[in-house]
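Presented below is the structure to which this report refers.
The values are calculated or read from the model by the stated rules, or taken from the named source; none is laboratory data. Here the structure is a predicted model, which is why all the values come from computation and not from measurement. Here Cβ is always computed from backbone atoms with ideal geometry, including for glycine, and neighbour counts include all displayed protein chains. Just the protein is used for accessible areas: all its heavy atoms, side chains included, with ligands, DNA and RNA removed. Shrake-Rupley method; radii C 1.70, N 1.55, O 1.52, S 1.80 Å.
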Amino acid sequence: MTIEPLRKRKGSGELYTRRPPTIDFIEESLRWPFDDLLARAAIRDRRHDDYVPSEVLVYHLRQTKSDNTDGRFVAIYNVLRDRVEAACPRANRNVGDKIYEDARIAQIRDATIDHVTELMFKDRQDYDEQLDIYEVVFDKAVRLARITKLRKVNLKENANEEVEDAVTGEVRATVEEALERYKKAGLTADEDLDYRIHLRRAIDALPEIEREVIDLMLADIPIETTKDGEPSMTELLGCVEKTVRNRRDRAYAKIRQALELEFDHDE
């Protein structure tokens, strides 16, 4: 069977491509009976010799379009759904002999699962390019989906705190202060709005890994936490504290530079 190329394109116009190890694994797995694939897919230990990468499972999920029944699709979907859920922070926590569920964490988890599920089912009806990224970097795609849902939940919960205005791009004062606010004292309302637009534009222009850190700061997510069930940047981004802080500092420096350049140009 020929492995068809992905269809989604990057901003540069270049097509997304599967990683060579993924392609090799797909080619090998195409020789297995479906029951063998499913049995290996149930293995969760990534160090196990028979572990099947999620990118490979997404490929096989999409190939079930030719089936006359939904059985094979559902079987693979159930495995992938479990993997998406496992990638989300735990909503349940033990307190003494009781188990409590953090409603906020559960909401983020459920929204992430629903998002990935929707992509899979939409793709089954008609090719959905948004699912392509899950064949390239499944874990990162799930993480980005989770961060997006986390931000939406946080924005909804803190609507009165003006986390970010959809029109003006207003951001929290804590972020502005951390950036050593370029804004001069005594600005008019129009000048203040202009400053905030410049700031939002500078954040949006950051490289993805640095913009993620700023976005999580805007969502009030701590870099590290000792609170059971509370998400942290290190957990959501899958990196150590030093890496998060380095990305944050690089982001601050680039934002400050962008603000100086834009304001110098305007003046």
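Observations
Listed here are the residues, each with its yes/no results for (1) in contact (Cβ under 8 Å) with a residue 40 or more places away in the chain; (2) under 23 Å from R18 (Cβ atoms).
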{"position": "A41", "(1), (2)": "no, yes"}
{"position": "L61", "(1), (2)": "yes, yes"}
{"position": "K65", "(1), (2)": "yes, yes"}
{"position": "R72", "(1), (2)": "no, yes"}
{"position": "I76", "(1), (2)": "no, yes"}
{"position": "A111", "(1), (2)": "yes, no"}
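- Total residues in region 35-66 satisfying the condition of being open to solvent by 40 Å² or more (accessible area, probe 1.4 Å) and in contact with a helix residue (DSSP H, G or I) (Cβ under 7 Å, 6 or more places away or on another chain): the figure is 4.
- Test: I221 is modelled with pLDDT under 80 and touching a helix residue (DSSP H, G or I) at 6+ places or on another chain (Cβ under 6 Å): yes
- Within the set R72, R46, the sole residue that is charged (D, E, K, R) and assigned to a helix (DSSP H, G or I) turns out to be R72.
- If you check T174, T226 for being open to solvent by 40 Å² or more (accessible area, probe 1.4 Å) and modelled with pLDDT of 75 or more, only one passes: T226.
Residues checked against (1) in contact with a Ser or Thr (Cβ under 8 Å, 6 or more places away or on another chain); (2) farther than 12 Å from E135 by Cα; (3) at pLDDT 95 or above:
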residue	(1), (2), (3)
M1	no, yes, no
R9	no, yes, no
E14	no, yes, no
P20	no, no, no
D24	no, yes, yes
S29	no, yes, yes
A41	no, yes, yes
R47	no, yes, no
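- Residue that is surrounded by the most Cβ atoms within 10 Å (Cβ to Cβ), among those in region 203-218 that are of a type in the set (A, V, I, L, M) and at pLDDT 75 or above: V213
- Counted residues, region 49-69 - those being part of a helix (DSSP H, G or I), over 22 Å from the mean Cα position of the chain (by Cα) and not small (G, A, S): 4
- One residue alone among R81, R109, R146 is open to solvent by 30 Å² or more (accessible area, probe 1.4 Å), basic (K, R) and at pLDDT below 95, and that residue is R109.
- Residue in region 182-202 that is at pLDDT 80 or above and loosely packed, with under 14 Cβ neighbours inside 10 Å present: no
- Residue in region 78-89 that is in contact with a Ser or Thr (Cβ under 7 Å, 6 or more places away or on another chain), farther than 26 Å from P5 by Cα and not aliphatic (A, V, I, L, M) present: yes
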